[in-house]
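Notes to accompany the following structure.
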Amino acid sequence: MTPHVPSGPRHSFRFGLPPSLGSETARERAERLASFLQRALGKLVEVNVATSYETLAKDLLSGRADAAWAPPFVCARMEAMGVRVLARGVRRGMSSYRSALVG
């Protein structure tokens, strides 16, 4: 699947955040991030908090978001669909990790 590229000039940069922070904290951080990115990019920035991880992924694939901060599982899924990951978390020299659920 190829990401949709909107036609015509756009005057804003759209950034997506995951829903994991809680609505009040996310809103506050979205405002601060938008302000920072506007100063850095010199253009209007819209920061939106996705209602779900699936929505965040769909926003990236459809072109409704130009970039996003996403957890590893969303990044891996997006990368497999052709979306380029620009930054990756690295811990102890590794960009992957393992976990186990014990019941």
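The values are calculated or read from the model by the stated rules, or taken from the named source; none is laboratory data. The structure displayed is predicted, hence computed values, not measured ones. Please note: Cβ atoms are built from the backbone with ideal geometry, for glycine as well, and neighbour counts cover all protein chains shown. The protein model used for the area step is the full one, side chains on, heavy atoms only, and it has no ligands, DNA or RNA in it. Shrake-Rupley method; radii C 1.70, N 1.55, O 1.52, S 1.80 Å.
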> For the stretch 16-87, which trypsin sites (Lys or Arg not before Pro) are in a loop by DSSP, counting at most 10 other Cβ atoms within 10 Å?
Replying inline: Arg84
> Under a point spin-label approximation (7 Å from Cα along Cα-to-Cβ), what is the Val90-Gln38 distance to one decimal in nm?
Replying inline: 3.4 nm
>> Averaging the inverse of every distinct alpha carbon separation and then flipping it gives the Kirkwood radius. What is it for the chain, in angstrom units?
In response: 15.0 Å
>> Using amide H atoms built in the peptide plane, which far-off residues or other-chain residues are under 5 Å from Ala68 H to H?
In response: Gly16
> For the stretch 14-103, which chymotrypsin sites (Phe, Trp or Tyr not before Pro) are both in a DSSP coil and crowded by at most 12 other Cβ atoms within 10 Å?
Replying inline: Tyr97
> Can you give the % of DSSP beta bridges in the chain that are antiparallel, to the nearest 5?
Replying inline: 10 percent
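How large is the accessible surface per residue of the stretch 15-81, computed with a 1.4 Å probe and reported in Å² as a whole number?
About 61 Å² of surface per residue is accessible.
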> Using a 1.4 Å probe on the protein chains only, how many percent of the accessible area of the chain belongs to carbon and sulfur?
Replying inline: 55 percent
> With each run of n ≥ 4 DSSP H residues scored as -39500 (n - 2.57), what mean residue ellipticity at 222 nm is computed for the chain after dividing by its residue count and rounding to the nearest 500 deg cm²/dmol?
Replying inline: -11500 deg cm²/dmol
> Residue by residue, what Karplus-based ³J(HN,Hα) values in Hz, rounded to whole numbers, does the stretch 25-30 have, using 6.51, -1.76 and 1.60 with θ = phi - 60° and x for Gly and Pro?
Replying inline: 5, 4, 4, 4, 5, 4
> Roughly what angle does helix 53-62 make with the longest principal axis of the chain, taking Cα atoms, 0 to 90 degrees, to the nearest 10?
Replying inline: 50 degrees
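Between Val102 and Trp69, what FRET efficiency comes out of the Förster formula 1/(1 + (r/R0)^6) with R0 = 25 Å and r the beta carbon distance, rounded to 0.05?
Efficiency computed from Cβ-Cβ geometry: 0.25.
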